[in-house]
Amino acid sequence: MRPHSLTLSRFLGVGVVATLAHVSIAGIVHYASSGNPFVANISGFTGAAAITYLGNFYWTFGHEADHGSAIARFFGLAILSLLASTAIIAFAHERLGLPFVFSLILVGAIVPITNYLLSRYWVFQTIESTARPSDYIELAFIISVLGMSVWACGSTILNHDTSWYLIATNRWLDGARLYEDIIEVNPPLAFYLTAPAVWVANKVPVLRPEMSFSLFVGALGLVSLIWARELLRRSLPSGRAKTAMIGAAVVALFVVPVPVFGQREHLMVILVLPYVLLAAFQPPTSSSHRIAIGLFAALGLALKPYFLALPLLIALTRVFQTRRIGSAFTPEHFAIAVACLAYVLAIFWLHPEYPGIIVPMARAVYGDYRVPLHELLVEPAMLGMLLLASAYLATNITDYKAHSAAQTLLVVVLSGGVFYLLQAKGWFYQRMPIHAFLCLAGMWLLIQSRHYRRRPAIAHYAVLMLLASATLWPVVSGRYNSSATANFSSFLHQIKDERSFIFLTSQVSLTFPMANAQDATPTSRYSALWLIPGSINRLESEPLAESTRKRVSEILEFARQSTVEDFLAGDPKTVFIDVRENKPYFDRSLTFDYLSFFMKDQRFATQWRRYKLIFQSPHFEVWQRNKSSDKTTSRVISLANQSS
């Protein structure tokens, strides 16, 4: 490998030439395209990327390997650099309010150094083997499936949680305060990961936030898959085994998650894939490479505390396999631990309201969203785990590395089950990691099918069944569909000038993605009124100590006052009310009425006289603000009298 002094000077020289080319091409195209800055910048970026790749391939690093692997990794690095620079500017300039010039200085200090190190030790690292036709087939498969998934999801509505994060993150970038003006039960990393896509969508008018975020997720997935492909290339002597595992990884990342595209569980699976393959196959690689994989995985694992079960179980598995406690203390685990600790400290420093206010409230009332254990265990994902365990027990793999990989992948699937059971909500997106990990583990056992002890056909078919259960789940579920968007959008669509609304409900999917689809403004700081069901259930159905009852009552009153404040400040044009007899997450023995609950606040009762009922069904009511204050219904008058 050439010395740093030579490669660094040449890297800088290529960078200068590429920058001049970018500016020149962009200027010419800008003139030729009648001043379209977006087309001009993309053209300049493409030309500069070509010069950068060829210059560094042949001159800076004197690369002797094939173009197949280098181009794929360079493409991943280019996307990663674009996302990194966007994130730095979004955080430093848009969020912290630093001068734009200072933000550019940060980009200039961080991104080029990172690009140089990744180019030297990853993109243009000399590879002994030459490209084979299967390499190009793998890359074509990765790009085609990824592209179809991103386009299919980005060109339509996304799931309700992702849609909420798109709108809430946009508010945050506009100056709203997390956990004060935006109330969310999850820690802040999801907002930070959503911010680059939202920032780009705001700067590029033709790009909707849904497509921008889908492209962002696709870029992360491409980096993850290229990284995974390199680890598998170093680990598996058989080209067919490598190709099969890459195919399983593509399905796990961009076919299985289609119904929940962009959910936190989806992001986690994308970000931990290289770490999972590193743990399973133990390819020869440097400590710095392992640290980079650990840091990449930490971005996904820190999204929810439950996800930390994955590295914990993998570390315990490694100790079991090697019979040495020290084998758990690897560079990647050290990186994960340090990154997660830094993240926790950053939360206390940047967002003290989360541990100080949100977490205590969630611990007091969020438990009522849980469902009984027996309902969690009857899901197809849990059956897939049993099939996988049965197939593993039927194997007799004599090769130590192959057997260790099977054990580790089995534990990875088990960790997906642990995530699901610990959260105990039964929501469909929380099962997605099980299905994704089943693809990887099932494919590896299928590759090892020649090692089945007895009745190989039965075990073989068992593995095929679990692979089918994992991959057919999105086919059966289809793309995300929102009945609320279909049923209620017309009430917002007919309003041309003022599409502000609030939905009095504890169900997130009623507000989102309807707000996104109609470019409407939800005026509540909540994704849904999640504090109310737990508080009501505990106060009405449980014997509580006086101190606990006082605390829960305070949380309920906070929910009422904060919602009323949002109602007064936002002055929504339309109000949707959930009037179902059995409302989501409330005890079925209880009867709760949102309107009467908020009418107990005199400010709300006074403001509510301006609204009239325009639609009513046994499940929902729709009200709209009316210019004439005397047009009210008997239900409003009755409730107002009760409140006074």
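The values are calculated or read from the model by the stated rules, or taken from the named source; none is laboratory data. Here the structure is a predicted model, which is why all the values come from computation and not from measurement. Ideal geometry is used to build each Cβ from the backbone, glycine not excepted, and the neighbour counts take in all protein chains shown. The accessibility values were calculated without ligands, DNA or RNA, using every heavy atom of the protein model including side chains. Shrake-Rupley method; radii C 1.70, N 1.55, O 1.52, S 1.80 Å.
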Fill in: Residues that are open to solvent by less than 10 Å² (accessible area, probe 1.4 Å) and among the hydroxyl-bearing types (Ser, Thr, Tyr), drawn from the stretch 166-193
169, 179
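Could you run through the stretch 321-343 and say how many residues are assigned to a helix (DSSP H, G or I) and either basic (Lys, Arg) or surrounded by 13 or more Cβ atoms within 10 Å (Cβ to Cβ) (or both)? Reasoning before the result, please.
We begin by selecting, within the stretch 321-343, every residue assigned to a helix (DSSP H, G or I); these are 321-322, 325-328, 331-343.
Within this subset, residues satisfying the condition of being either basic (Lys, Arg) or surrounded by 13 or more Cβ atoms within 10 Å (Cβ to Cβ) (or both) are 321, 327-328, 331-340, 343.
Looking only at that region, the number is 14.
Residue by residue, here is whether (1) of a type in the set (Asp, Glu); (2) open to solvent by less than 30 Å² (accessible area, probe 1.4 Å); (3) touching a residue at least 12 places away in the same chain (Cβ under 8 Å) holds:
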residue	(1), (2), (3)
309	no, yes, yes
345	no, no, no
349	no, no, no
367	no, no, yes
375	yes, no, yes
Worksheet item: Quick one: residue 398 ticks every box in (1) open to solvent by less than 50 Å² (accessible area, probe 1.4 Å); (2) out of contact with any helix residue (DSSP H, G or I) (no Cβ under 6 Å at 6 or more places or on another chain); (3) not basic (Lys, Arg) bar one, so which box is it?
Response: (1)
Discussion item. Is it the case, given these coordinates, that residue 587 is at pLDDT 95 or above and either assigned to a helix (DSSP H, G or I) or more than 25 Å from residue 198 (Cβ to Cβ) (or both)?
Written reply: no
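Here is a yes/no grid of residues against (1) β-branched (Val, Ile, Thr); (2) open to solvent by 40 Å² or more (accessible area, probe 1.4 Å); (3) at pLDDT below 90; (4) within 38 Å of the chain's Cα centre (by Cα):
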| site | (1), (2), (3), (4) |
| --- | --- |
| 579 | yes, no, no, yes |
| 595 | no, no, no, yes |
| 607 | no, no, no, no |
| 622 | yes, no, no, yes |
| 636 | yes, no, yes, no |
| 640 | no, no, yes, no |
Item to complete: Take the stretch 492-526 and flag every residue that is at negative phi and free of Cβ contacts under 8 Å to residues at least 24 places away in the same chain.
Response: 494, 496, 497
Worksheet, complete the sentence: The number of residues in the stretch 506-549 that are under 17 Å from residue 567 (Cβ atoms) and of a type in the set (Lys, Arg) is 1
Response to the item:
Of the residues in the stretch 248-273, those that are farther than 14 Å from residue 159 by Cα, at pLDDT below 90 and either among the acidic types (Asp, Glu) or in contact with a Pro (Cβ under 8 Å, 6 or more places away or on another chain) (or both) come to 255, 256
Item to complete: Looking only at the stretch 280-290, decide whether some residue is part of a helix (DSSP H, G or I), buried (at least 24 other Cβ atoms within 10 Å of the Cβ) and not hydroxyl-bearing (Ser, Thr, Tyr).
Response: yes
Worksheet item: Only one residue in 278, 341 is of a type outside the set (Lys, Arg) and either touching a residue at least 24 places away in the same chain (Cβ under 8 Å) or touching a Cys at 6+ places or on another chain (Cβ under 6 Å) (or both). Which one?
Response: 278
Practice prompt. Residues being at pLDDT below 85 and part of a helix (DSSP H, G or I): count how many of those fall in the stretch 379-427.
Written response: 15
Worksheet item: Picking from 480, 452, which residue would you name as being modelled with pLDDT under 90, closer than 23 Å to residue 149 by Cβ and aromatic (Phe, Trp, Tyr)?
Response: 480
Response to the item:
Restricting the stretch 237-264 to residues that are open to solvent by 20 Å² or more (accessible area, probe 1.4 Å) and not in a helix (DSSP H, G or I), the one nearest to residue 194 (Cα to Cα) turns out to be 255
Discussion item. Yes or no: the stretch 540-560 includes at least one residue that is closer than 25 Å to residue 165 by Cα, at pLDDT 95 or above and either assigned to a strand (DSSP E or B) or open to solvent by 40 Å² or more (accessible area, probe 1.4 Å) (or both).
Written reply: yes
Item to complete: Being at pLDDT 85 or above and surrounded by fewer than 20 Cβ atoms within 10 Å (Cβ to Cβ) is the filter here, so list the residues in the stretch 201-210 that pass it.
Response: 202, 208
Worksheet, complete the sentence: Within the stretch 488-538, the count of residues that are part of a helix (DSSP H, G or I) and not small (Gly, Ala, Ser) comes to 15
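Just to check your reading of the model, which residue among 314, 347 is under 30 Å from residue 551 (Cα atoms), assigned to a helix (DSSP H, G or I) and under 24 Å from the mean Cα position of the chain (by Cα)? So that I can check it myself, show each step before the final result.
Details: 314 fails: under 30 Å from residue 551 (Cα atoms).
From the options 314, 347, the qualifying one is 347.
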Worksheet, complete the sentence: Only one of 313, 299 is under 17 Å from residue 189 (Cβ atoms) and open to solvent by 30 Å² or more (accessible area, probe 1.4 Å), namely 299
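Of all residues in the stretch 526-539, which are under 30 Å from the mean Cα position of the chain (by Cα) and open to solvent by 20 Å² or more (accessible area, probe 1.4 Å)?
none
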Item to complete: Among what's in the stretch 169-227 and is among the basic types (Lys, Arg) and not in a helix (DSSP H, G or I), pick the residue that is farthest from residue 260 (Cα to Cα).
Response: 177
